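Before any comments, here is the structure.
The values are calculated or read from the model by the stated rules, or taken from the named source; none is laboratory data. Keep in mind that this is a model prediction, so the values were computed, not measured. No Cβ is skipped: glycine too gets one built from the backbone with ideal geometry, and neighbour counts run over all protein chains shown. The protein model used for the area step is the full one, side chains on, heavy atoms only, and it has no ligands, DNA or RNA in it. Shrake-Rupley method; radii C 1.70, N 1.55, O 1.52, S 1.80 Å.
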Amino acid sequence: LLAILEARIHRETTLEATEAKEQLLLIALKRLGETTPSFLAHQKPLDIHQAQVCVLNPHGSIDFQLNSSDKTLFEVASLSKTVASAFSIEYLSGKGITLETRVNEVLRHHLSPWVISNGDDVLVKHLMNHQALNMHYVNGVKLDDPMPSVEELLSGHAEHGYGPIALANPPGKVFKYSGAGFIVLEYLVKLVSKKSIPQLTRPFLESLGMHDFTFEQKDVDGFEYALAQADHALASKRLMFPAFAAGAMSTASSIGLFLKALGDAYHNPQSTGPISYRTARFMLHGQDKGCKEFMGSLIGLGVFIAEAGDSKWMLHQGANDGFRALFLYCFAGPDRGKGFVSLCTGDLRGVLFNAYVAQGVLKDLCVSGVDFTQFKSDFDPSHLHTHEIVNIGYRDLVMKAMQPTLPEEIVDKGPLSPLASYNLAVGARVITVSNQLFARAENLFSPFEPVFDPELFGLQGKIMDSWETVRHNPEFDELQIELKKSGVVRYLDLSTKYHTGNHAPLISLCGRLDGDWVEILAPTKMEGHSLLSIDLQDQVREYRYIRIRLFPDGGFTRLGLYTDLPESVRVLYKPLSTARPIRFTDLVPQTKKPMSLDYQAEAWEIEKNKARLRDGLVDLASAAFGGEVIRVTNQHYGPATHVISPYAPLNMFDGFETARNRNPLNVEEVEIKIAKSSKIDHVEIDFTYFVNNNPRELAVQIKAGESWIELVQKCSVKPFAGGRVKFPVPSHVSGEILKVQAYPCGGFNRVHIYGKLL
């Protein structure tokens, strides 16, 4: 009764707070609609000649024009990439070309005279996530000149400043902003469709209500066009650009319609078009690989991803000669549905205007997770290259104020470590960290002994008193810290206490000396729930800055850096050549009660359930209809029996989860004996509470007689973390045993296979 009462009080308090916030938002929106908002006041000192701003909110949108009308089209520059990506994913998938398809294979199949040199590993997704090709920005062509075809640009066009498109980095390894990727994407779509881009994209745009958006590289009747405005220069005619890379023209409100549709599709597994759930999930799944330094955010497909509090935002900037554009839109979290699109004329002044719009709108919409005191009014671009001004300007003026929610703080701390007063790492400051989504990096140098509560879970999963990163980093995770004072690192403690199947396999340390990183400890093998104590012996250099790397990812509980130690302790530290991890003698605590709702059904109950639903689709894997887990390869963290429960999952523990496995070829399997069916309709995998540790890839097979039939080919499911993924099945398929394969490891809450009972 007490628990029910507390839940009701919490629910009512939360509802009251939500309603109060909604009322504040409505007041702010009413004020915005009735007055000239403060952000438009910046246009006068900045001498912005024309602008459009569309403010988006869960209740609708509000449009503002400056020396323009609702039929004035602006060059949206690189905002073109986001719309082009959504269209291309949908169109190409309809032709059987997936994000994992090799680009050169498609080009050769369609007899293209041009292929990416040395680029056979370039996948379709690499064209949209800036992880393969060259060419930062694309150049414009005067309206009076003939626009080179996209085919002409592939091998270079010196007259307009285009070099040949080429491989810039190993595909999928490094982020490097690439206009060339979207030139190739445009060529690919034209090659497959045999149609012009404006003609091909028109139905897609119209279905989204984007009547004022066009990829045409010429004026369209019925519209007026904003004039390009360089800083301190007279207005001039606009330029033409490659369509997908930077060539679209639009109003702010049309782009607002697109953002809302993309955000809505992200949450709707039933959405099939014009933007499907799968497309939205893949576009809005972010990676770093150098993007944070570039934009202060992650990169998706044709769009950037930022976090503020518990909210996720999609964003993109645009910079054509004399035009600047920016959108920010919250697609998940408490501020879902809020955002803006800002289009204006100008160069550097346009960047400042759009940044001020961003600051004003975020304040007026009362968004969470933004430290408004971090907003800056200016920045110095004198030391930057032209192409850096846009990204660094928005990053420093806006993005740095967006503060993502960290994993839960460790409140109930352990006893003070007996070596805390000797530890140079205690009190250190985090400078940068590549990932801390499971557990905060600051825990690594806590002065207290680590604690572990097996029943304590948070929004990110299991709460750990350590630094823990998400699964499936192909390279390494990195943390840079500043010590409270410089010191010689003679002795090291590396602890993975309480990490059993998820510890970092290798750890390295470097210190910064005269601006360069100097190796203190080469990548060294670690064991779970163990302590490695090392005497470095010949170390005499003092360091203030330390870099820690985990290869490739995982948990690291405590770091000890010592110049000296009591003699009674020093003898426990061994030279690197003989030092070995020593397992802690105390056991990792286990739960004292079930963390999930157990389901047991008698045979007569199962038959009764079947009789009730014999005519419709039922979950054939569910224990309620006789589903049974008959084989599992690894269930280190969560038993596979959970996945067939008919109850909705309660938490991350209420599911199947394996230990981490760093072998990219590894596969973990769950086999489920299902109720017999005459027809299987679809398979659905539920990752509701697996936000950081669902599998990288997944495949599904079914056994009919002695043969295994492939239902779902091996495919990426990382973008569906925290959600669900549905796979249609050919109607003629039936079988008795379902096999779900997770690559290389990971977990999920439920497996559903829907069909008709015999």
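Things to note:
- Of all residues in segment 446-467, those that are open to solvent by 10 Å² or more (accessible area, probe 1.4 Å) and either within 20 Å of Lys312 (Cβ to Cβ) or outside any loop (DSSP other than H, G, I, E, B) (or both) total 6.
- Within segment 282-296, residues that are within 25 Å of Asp264 (Cβ to Cβ) and open to solvent by 50 Å² or more (accessible area, probe 1.4 Å) sit with their Cβ atoms under 7 Å from residues that are modelled with pLDDT of 90 or more and among the small types (Gly, Ala, Ser), at 6+ positions apart or across chains, in these pairs: His285/Gly300.
- From Leu531, Leu483, Leu494, Leu521, residue being of a type outside the set (Lys, Arg), open to solvent by 40 Å² or more (accessible area, probe 1.4 Å) and over 23 Å from Gly290 (Cβ atoms): Leu531
- In segment 118-136, the residues that are open to solvent by 50 Å² or more (accessible area, probe 1.4 Å) and either on the phi > 0 side of the Ramachandran plot or aliphatic (A, V, I, L, M) (or both): Asn118
- Pick from segment 67-95, criterion farther than 26 Å from Lys142 by Cβ and not in a helix (DSSP H, G or I), ranking: least open to solvent (accessible area, probe 1.4 Å): Asp70
- Any chance Asp535 is at pLDDT 95 or above and within 16 Å of Val426 (Cβ to Cβ): no
- Number of residues in segment 236-275 that are at pLDDT 95 or above and of a type in the set (Ser, Thr, Tyr): the value is 5.
- Within segment 252-268, residues that are more than 23 Å from Gln52 (Cβ to Cβ) reach partners that are open to solvent by less than 30 Å² (accessible area, probe 1.4 Å) and charged (D, E, K, R) with beta carbons closer than 7 Å, at six or more positions or on different chains, in the pairs Tyr266/Arg281.
- Pairs linking a residue in segment 140-161 that is hydroxyl-bearing (Ser, Thr, Tyr) to a residue that is open to solvent by less than 40 Å² (accessible area, probe 1.4 Å), with Cβ atoms under 8 Å and 6 or more positions apart or on different chains, are Ser155/Trp114; Ser155/Ile165.
- All positions within segment 625-645 that are touching an Asp or Glu at 6+ places or on another chain (Cβ under 8 Å), under 30 Å from Ser731 (Cα atoms) and buried (at least 17 other Cβ atoms within 10 Å of the Cβ): Phe625, Gly627, Val629, Val632, His642, Ile644, Ser645
- Screening Asp654 on (1) open to solvent by less than 20 Å² (accessible area, probe 1.4 Å); (2) farther than 24 Å from Gly333 by Cα; (3) at pLDDT below 95 shows it passes everything except condition (2).
- When residues of segment 695-706 are limited to those that are open to solvent by 10 Å² or more (accessible area, probe 1.4 Å), modelled with pLDDT of 90 or more and not in a loop (DSSP other than H, G, I, E, B), the one farthest from Pro730 (Cα to Cα): Glu697
- Residue check, Leu711 closer than 22 Å to Gln287 by Cβ, modelled with pLDDT of 90 or more and assigned to a strand (DSSP E or B): no
- Selected residue (criterion: most open to solvent (accessible area, probe 1.4 Å)) from residues of segment 181-208 that are of a type in the set (Val, Ile, Thr) and more than 13 Å from His126 (Cα to Cα): Val192
- Candidates Ser178, Ser112: the one that is in contact (Cβ under 8 Å) with a residue 60 or more places away in the chain, open to solvent by less than 40 Å² (accessible area, probe 1.4 Å), among the hydroxyl-bearing types (Ser, Thr, Tyr) and out of contact with any Pro (no Cβ under 6 Å at 6 or more places or on another chain) is Ser112.
- Of all the listed residues (Tyr187, Tyr162), the sole one being of a type outside the set (A, V, I, L, M, F, W, C), more than 28 Å from Asn473 (Cβ to Cβ) and within 30 Å of the chain's Cα centre (by Cα) is Tyr187.
- If the condition is being in a strand (DSSP E or B), within 19 Å of Gly350 (Cβ to Cβ) and open to solvent by 10 Å² or more (accessible area, probe 1.4 Å), then segment 49-66 contributes Asp63, Phe64, Gln65, Leu66.
Listed here are the residues, each with its yes/no results for (1) of a type in the set (A, V, I, L, M); (2) closer than 15 Å to Leu617 by Cα.
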{"position": "Asp681", "(1), (2)": "no, yes"}
{"position": "Phe687", "(1), (2)": "no, no"}
{"position": "Trp708", "(1), (2)": "no, no"}
{"position": "Ser731", "(1), (2)": "no, yes"}
{"position": "Leu738", "(1), (2)": "yes, no"}
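- Just one of (1) open to solvent by less than 20 Å² (accessible area, probe 1.4 Å); (2) in contact with an Asp or Glu (Cβ under 7 Å, 6 or more places away or on another chain); (3) hydrophobic (A, V, I, L, M, F, W, C) fails for Cys715. It is (1).
- For segment 382-403, taking the residues that are open to solvent by 60 Å² or more (accessible area, probe 1.4 Å) and under 28 Å from Ala439 (Cα atoms), the one that is farthest from the chain's Cα centre (by Cα) is identified as Lys400.
- Sole exception among (1) touching a helix residue (DSSP H, G or I) at 6+ places or on another chain (Cβ under 7 Å); (2) open to solvent by less than 40 Å² (accessible area, probe 1.4 Å); (3) of a type outside the set (Ser, Thr, Tyr) for Asn139, by number: (2)
- Filter result for the condition that a residue is more than 15 Å from Glu307 (Cα to Cα) and in a strand (DSSP E or B), over Ile410, Ile389, Ile431: Ile431
- Among residues of segment 568-601 being hydroxyl-bearing (Ser, Thr, Tyr) and out of contact with any Ser or Thr (no Cβ under 9 Å at 6 or more places or on another chain), the one that is least open to solvent (accessible area, probe 1.4 Å) is Thr591.
- Leu565 satisfies every condition listed in (1) in a loop (DSSP other than H, G, I, E, B); (2) at pLDDT 95 or above; (3) open to solvent by 20 Å² or more (accessible area, probe 1.4 Å); (4) of a type outside the set (Ser, Thr, Tyr) except (3).
- Residues satisfying the stated conditions in segment 639-694, i.e. under 28 Å from the mean Cα position of the chain (by Cα) and in a strand (DSSP E or B): Phe656, Glu657, Glu668, Glu669, Val670, His682, Val683, Glu684, Ile685, Asp686
- Checking Asp347, Asp364, Asp371 one by one, the residue that is surrounded by 17 or more Cβ atoms within 10 Å (Cβ to Cβ) and in contact with a helix residue (DSSP H, G or I) (Cβ under 6 Å, 6 or more places away or on another chain) is Asp364 and no other.
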